[in-house]
Amino acid sequence: MYSLAVQFAQLVSAYCILLALGVTENINIYLVLFLISSIATILPISFGGLGLREITFTFMLAYFPIKEDYAIAYALSFYIITVITSSFGIVYNFKEIKIEKA
């Protein structure tokens, strides 16, 4: 159940990113490709999935009517937002370590 909730939350944030970029056409296609690219990011061939989401969107350009500039900006924006928000977890993690040592 938690996994589904996380995926839904990611889809909502991805949808908001699309709206912020001004994408008005084929939003469902972008969201489906986003879910496909999420699978690609778990492959242990890059640092935190950097570039894998973008490559997935680039490969899918041949099969789906999406715009390359929006697709890359969309994927890169999601990655940057994820890195920024996840970095707050580092502070929390180090706080936990200090508390446990005391």
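Here is a list of conditions, (1) more than 15 Å from the chain's Cα centre (by Cα); (2) modelled with pLDDT under 85; (3) open to solvent by less than 60 Å² (accessible area, probe 1.4 Å), and Pro44 meets all of them except one; can you say which number that is?
Only one criterion in (1) more than 15 Å from the chain's Cα centre (by Cα); (2) modelled with pLDDT under 85; (3) open to solvent by less than 60 Å² (accessible area, probe 1.4 Å) is unmet by Pro44, namely (3).
Report yes if some residue within the range 18-41 is over 17 Å from Gln7 (Cα atoms), at pLDDT below 85 and surrounded by fewer than 16 Cβ atoms within 10 Å (Cβ to Cβ); otherwise report no. Outline the logic, then answer.
As a first pass, look at the range 18-41 and keep what is over 17 Å from Gln7 (Cα atoms): 19-26.
Keeping just the survivors that are at pLDDT below 85 gives none.
The answer is no, given that none of the residues of the range 18-41 is over 17 Å from Gln7 (Cα atoms), at pLDDT below 85 and surrounded by fewer than 16 Cβ atoms within 10 Å (Cβ to Cβ).
State all residues of the range 19-41 that are under 18 Å from Thr85 (Cβ atoms) and either hydrophobic (A, V, I, L, M, F, W, C) or more than 12 Å from the chain's Cα centre (by Cα) (or both); if no residue qualifies, say none.
Of everything in the range 19-41, those that are under 18 Å from Thr85 (Cβ atoms) and either hydrophobic (A, V, I, L, M, F, W, C) or more than 12 Å from the chain's Cα centre (by Cα) (or both) turn out to be Ala20, Phe34.
Quick one: in the range 76-95, which of the residues that are of a type in the set (A, V, I, L, M, F, W, C) and modelled with pLDDT of 85 or more is nearest to Phe34 (Cα to Cα)?
Going residue by residue through the range 76-95, those that are of a type in the set (A, V, I, L, M, F, W, C) are 76, 78, 80-81, 83-84, 88, 90-91, 94.
If we keep only those that are modelled with pLDDT of 85 or more as well, we get 76, 78, 80-81, 84.
Details: Leu76: 11, Phe78: 10, Ile80: 15, Ile81: 15, Ile84: 19 Å.
Among those that are of a type in the set (A, V, I, L, M, F, W, C) and modelled with pLDDT of 85 or more, it is Phe78.
The values are calculated or read from the model by the stated rules, or taken from the named source; none is laboratory data. Quantities reported herein were computed from a predicted structural model and do not represent experimental measurements. So basically every Cβ, Gly included, is an ideal-geometry build from the backbone, and we count neighbours across all protein chains shown. Surface accessibility is based on the protein's heavy atoms, side chains included, excluding ligands, DNA and RNA. Shrake-Rupley method; radii C 1.70, N 1.55, O 1.52, S 1.80 Å.
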